[in-house]
Amino acid sequence: MTKKEAILLAGAKLFAEKGFNGTSMAELAELTDIAGATIFYHFKNKEELFLAVLEQVKDGILKSFDEYFAGNVFKNGLEMVEGVISYFLFMAGHKEEWFLLLHRNHPYRLAEVNPVCRRYLEVIYNCFTDVFERAIRRGRADGSIRDIPAHKTALVILSMVDGVVRFKTYQLYNAGALYNNLMELCRRMLENPKQ
């Protein structure tokens, strides 16, 4: 692992756990055992490091969904929605630091003034919405999903699924206990009664 990769890995961990304001470059240097001057050689300031970490999260999410769709076959759109929900929850557990980072306030505050940050967040949330919307459109076409607005329904499903992830993130409720209920509610919301 290069020094830059080590800095990004440690930065992701610290930003996720402590937030932007709670993360210090001195702590990052101590955690990585890399001199502060070396960190500033790769990233001129903490905001630039944060943006590089957010870019890695964005790239990781896009790659994960690409790999998921390349490795799975679905009999219909409804099954595809259920698969995407399951994979989203799996990814949130497997890559917890990504979702901790996305559930922090700082990225959204920074996005108000930083167009790069805004673009990264838009790409991430468009990816999330698009995977659900793609499955809904497929289900409408194959008859497994009733005639509903694909984009708005994708946003509703994303909100529900991400809400369950937030329960886990903030340890407010056992999110795993909601899995079956979440799947049943989504199925009832989407299912074509004529099938």
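The values are calculated or read from the model by the stated rules, or taken from the named source; none is laboratory data. Just so we're clear, the structure is a prediction, and the values are computed from it rather than from any experiment. Don't worry about glycine lacking a Cβ; one is built from the backbone with ideal geometry, like all the others, and counts go over all protein chains shown. Please note that ligands, DNA and RNA were not included when accessible areas were found on the heavy atoms of the full protein model with its side chains. Shrake-Rupley method; radii C 1.70, N 1.55, O 1.52, S 1.80 Å.
Observations, loosely collected:
- Split the accessible area of the chain by element, probe 1.4 Å, and carbon with sulfur accounts for 52%.
- Computed over the Cα atoms of the chain, pair by distinct pair, the Kirkwood hydrodynamic radius stands at 18.1 angstrom.
- Rg/Rh, computed from the Cα trace of segment 91-195 with Rh as the Kirkwood radius, has the value 1.03.
- Averaged per residue, the chain has 54 square angstrom of accessible surface, using a 1.4 angstrom probe with ligands and nucleic acids left out.
- Protection proxy ranking of 161-169, 174-182 - average other beta-carbon atoms within 10 Å, highest first: 161-169, 174-182
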